[in-house]
Amino acid sequence: MSNTQSTVNNLHEEVIIAGFGGQGVLLAGKLLAQTAMKAEKEVTYMPSYGAEVRGGTANCMVVIAESEIACPVVGNPDSLIAMNKASLDKFGPRVRDGGLIVLNSSLIDEKPQLSDSLAIVSVPANDLAVELGNVKAANMVALGAYLHKKGILSVAAAAECLSDVLARRYHKTLPINTEALQRGAEFARDHQAI
């Protein structure tokens, strides 16, 4: 069995979360990594952002495994969460055959021309976050969809870890971020991948 296959005994999941600065991409990655650590998985988290930060490009690489992780760099991810079109264009072609792409259809309005082997989940993350009262929760909507589709970690476990990754001054946003995770998972449950 190759190390890219995910089973209970041989989990090795490589994820890239990408968007522009200010979309909470790094926070989503940090939450995914923290949730995996609390679940006693091996984890690496590697953020990357452009010099301009807010409005520039941002992405992070998260690797979750049962055994030691040799390298934190993700070249060909098993999964991609793309929060904008530039991120989908950059990282989409790198996703391994049979992989998962969660894309923010609020900002990506066309079906990507990628391998038919990929499961693509279009989630209107910004629109759902606005319905909840805060567009900044779009990152949590997308992460909730990813968690539901992958089934490696639960949305409830991620919600429990929110207070660990959010600065104390943002703890007032815990309820809306928790609801956003749940809304993303519900959307993914109710809508088939394309």
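Brief remarks follow.
- Cβ-derived FRET efficiency at R0 25 Å, ILE69 paired with ARG94, nearest 0.05: 0.85
- Sequence-distant residues sharing a close amide H with SER105 (under 5 Å, placed H): VAL123, ALA125
- Whole-Hz Karplus values for region 80-90 come out as 9, 10, 10, 8, 8, 5, 4, 5, 5, 4, 6 Hz, taken residue by residue from phi with 6.51 cos²θ - 1.76 cosθ + 1.60 and θ = phi - 60°; glycine and proline positions read x.
- Counted by neighbouring Cβ atoms within 10 Å, the residues SER117, SER48 run from fewest to most as SER117, SER48.
- Over the chain, equivalent-ellipsoid semi-axes from the Cα gyration tensor in Å: 22, 20, 17
Bear in mind that the values in this text are calculations on the coordinates, not laboratory data. Given the structure is predicted, the values throughout are model-derived calculations rather than measurements. Every residue, glycine among them, receives a Cβ derived from its backbone with ideal geometry; neighbour counts consider all protein chains shown.
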